[in-house]
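The values are calculated or read from the model by the stated rules, or taken from the named source; none is laboratory data. A quick note: this is a predicted structure, and the numbers were derived from the prediction, not measured. Every residue, glycine among them, receives a Cβ derived from its backbone with ideal geometry; neighbour counts consider all protein chains shown.
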Amino acid sequence: MAVDLHVHSNVSDGVHSPRELVEMARDKGISVLALTDHDSVDGVPSALSAGEELGVFVIPGVELSTDIEDAEVHILGFYIDMTSAKLHETLERLKRGRIKRCERILARLKALGIDIPLSYVLDLGKEGFTGRSHIWRAMVNLGFARPEKSYGDFQRYLGKKGLAYVEHGGMSPEEAVEFIRDCLGVPVLAHPGTEIPLCVIEGLIEVGLEGIEAYHPSHSKETRRKWLEFANSRGLIVTGGSDFHKVSPDEPVGLGSMNIPSDIALELTKRWLKITSCKFAPAH
């Protein structure tokens, strides 16, 4: 059973629509797909409907972006409760915050001689969503950056230590974990890499972090092994996914092309059932 638990649609910063992603998953033999758009669940209903029609099990998800001093910290939320009013109110607030962040990034770029109208960037997104990938696309389209130098130029201007970088704001990593749990989801640390201090992750475990995304295209074999061992030592589940966007031709892996153990999806589901059973257990 092939699984991919980290996928983005054009509702956030991917290229394909939610339905197209499910169709691609079916064609690739992927049985379980998690749609994890940035700060948005707007694409989940379409993905769930397509999954029921096409025989792909779709997990409703989200990816929340937060910052600490020296790194970005992304928190995945799986099996998020789509009926939660708090979920939709909070994500709408984060969407508005993204636009303000975009304005600040564009102001910094303008000071560097790169003048891009906010309206142009917003037109590249969908339903008011904007992210750094849309700003980067605008830079390329308007001749301020070279697509063949995509990684280096992106990091120079828009990476965590880039000339125009602005922190996400909105939530701390701890608040993101607590928010996902409030929405009956399973919070998992996305692609931890090597830059997030262990003390930060230990703090997230204390507020309810349930897992680590060990299988990710950015992780070397050594990094993956490190997080597998860490998760096992802390009683955390492990997840994995392609982090598929298909924004650029040099994206490291395609949809479903990560070699992820199939039992990961089952362990994730068990953890979600445990969370929900505790939430709704009768008081004694």
Does Glu20 qualify as being modelled with pLDDT of 95 or more and out of contact with any Phe, Trp or Tyr (no Cβ under 9 Å at 6 or more places or on another chain)?
yes
Considering residues that are under 26 Å from Pro261 (Cα atoms), in a loop (DSSP other than H, G, I, E, B) and under 9 Å from the mean Cα position of the chain (by Cα), the number found within the stretch 30-75 is 2
On the basis of being over 27 Å from Thr276 (Cα atoms) and at pLDDT 95 or above, does Arg98 make the cut? no
Any residue at all in the stretch 166-179 that is surrounded by fewer than 17 Cβ atoms within 10 Å (Cβ to Cβ) and farther than 29 Å from Ile275 by Cα? yes
Restricted to the stretch 202-218 and to residues being in contact with a helix residue (DSSP H, G or I) (Cβ under 9 Å, 6 or more places away or on another chain), surrounded by fewer than 20 Cβ atoms within 10 Å (Cβ to Cβ) and not hydrophobic (A, V, I, L, M, F, W, C), the residue nearest to Glu267 (Cα to Cα) is Gly208
* Answer yes if at least one residue in the stretch 56-68 is surrounded by fewer than 19 Cβ atoms within 10 Å (Cβ to Cβ) and aromatic (Phe, Trp, Tyr), and no otherwise. => yes
Taking the stretch 137-149 and keeping residues among the small types (Gly, Ala, Ser) and buried (at least 17 other Cβ atoms within 10 Å of the Cβ) leaves Ala138, Ala145
Scanning the stretch 1-53 residue by residue, the ones that are charged (D, E, K, R) and on the phi > 0 side of the Ramachandran plot total 1
Residue set Leu204, Leu209, Leu228; condition assigned to a loop (DSSP other than H, G, I, E, B), more than 14 Å from the chain's Cα centre (by Cα) and among the hydrophobic types (A, V, I, L, M, F, W, C); output residue Leu209
Picked from the stretch 92-119 (must be outside any helix (DSSP H, G or I) and of a type in the set (A, V, I, L, M)), the residue nearest to the chain's Cα centre (by Cα) is Ile116
If we keep only residues of the stretch 219-250 that are exposed (fewer than 15 other Cβ atoms within 10 Å of the Cβ) and among the acidic types (Asp, Glu), then the residue nearest to Arg271 (Cα to Cα) is Glu229
Of the residues in the stretch 128-160 that are modelled with pLDDT of 85 or more and polar (S, T, N, Q), the one that is nearest to Lys100 (Cα to Cα) is Thr130
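Just checking, which of Arg137, Arg156 is part of a helix (DSSP H, G or I) and either under 25 Å from Ser9 (Cβ atoms) or in contact (Cβ under 8 Å) with a residue 24 or more places away in the chain (or both)? Steps first, answer last, please.
Details: Arg156 fails: either under 25 Å from Ser9 (Cβ atoms) or in contact (Cβ under 8 Å) with a residue 24 or more places away in the chain (or both).
Going through Arg137, Arg156 in turn, the sole match is Arg137.
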